[in-house]
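Let me begin by presenting the structure, written as structure tokens, before commenting on it.
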Amino acid sequence: MDFANIKAKLESLGYGVTCFDTAAEAADYLDEKIQNKTVGFGGSVTLEQMGLYDRLALHNDVRWHLRLPGGQTAYEVRLEANAAQIYLSSVNGLAETGEIINIDGTCNRVASILFGHEKVYLVVGENKIAKDYKSALWRARNIAAPKNAQRMKAKTPCARKGDKCYNCESPGRICRALSVLWGPPLRSDFEIVLIHEELGF
């Protein structure tokens, strides 16, 4: 996949964009860029696969509800992540036309991406990229969401079958909110990290 046109489109919308051939190179870059900060992580298989928590925690105060310090609840850690100087997440779909899509259950991730940090990094493997908004939304609902529901052992039709979104009304439904970025929020600093590897869901 040629990232040149995608990079140009995202930059025209006001994002910073960096591109890497491998996840290891991207991890090195983020490890060097983020120093002595409070850092929040969204729920992300991509970040997990890159080993970013362990690396950044060596020289930053990192808050991630998937790594609970003793005595703290996931809710408390999510609040701390939302108040961090730096926030890292991946996305469920990125359109070549520039739209960035996320679906969330607890909604700490979509809330935190949208507002409140010095800088937000969105780390995106090439498997997350789709042709246009409609395709990116379809991907988020029918590929990313069922796989995440399976990962979280949700009791939903998509988790049982793993094939598509059933737009269910299950109590365990993880699709509770949809966010679409048409551009970076005003007075914000967003950087999209594009990686020529398949990462996450």
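Which one of Lys153, Lys161 is of a type in the set (Lys, Arg), on the phi > 0 side of the Ramachandran plot and surrounded by fewer than 17 Cβ atoms within 10 Å (Cβ to Cβ)?
Lys153
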Tell me, yes or no, whether the stretch 172-184 has at least one residue that is surrounded by 15 or more Cβ atoms within 10 Å (Cβ to Cβ) and over 26 Å from Leu79 (Cα atoms).
no
The correct count of residues that are over 18 Å from Val180 (Cα atoms) and part of a helix (DSSP H, G or I) in the stretch 8-27 is 6
Does the stretch 1-49 hold any residues that are among the aliphatic types (A, V, I, L, M), crowded, with 20+ Cβ neighbours inside 10 Å and in contact with a strand residue (DSSP E or B) (Cβ under 7 Å, 6 or more places away or on another chain), and which are they?
Ile6, Leu10, Ala23, Ala26, Leu30, Ile34, Val39, Leu47
Among the residues of the stretch 70-84, is any within 22 Å of Pro146 (Cα to Cα), touching a residue at least 40 places away in the same chain (Cβ under 8 Å) and part of a helix (DSSP H, G or I)?
no
What is the one condition in (1) aliphatic (A, V, I, L, M); (2) surrounded by fewer than 21 Cβ atoms within 10 Å (Cβ to Cβ); (3) over 15 Å from the mean Cα position of the chain (by Cα) that Ala111 does not satisfy?
(3)
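Read-outs throughout are calculated quantities, based only on the coordinates presented, and are distinct from any laboratory measurement. Remember, predicted model here, so these are calculated numbers, not experimental data. Counting neighbours? That spans all protein chains shown, and the Cβs are built from the backbone with ideal geometry, glycine included.
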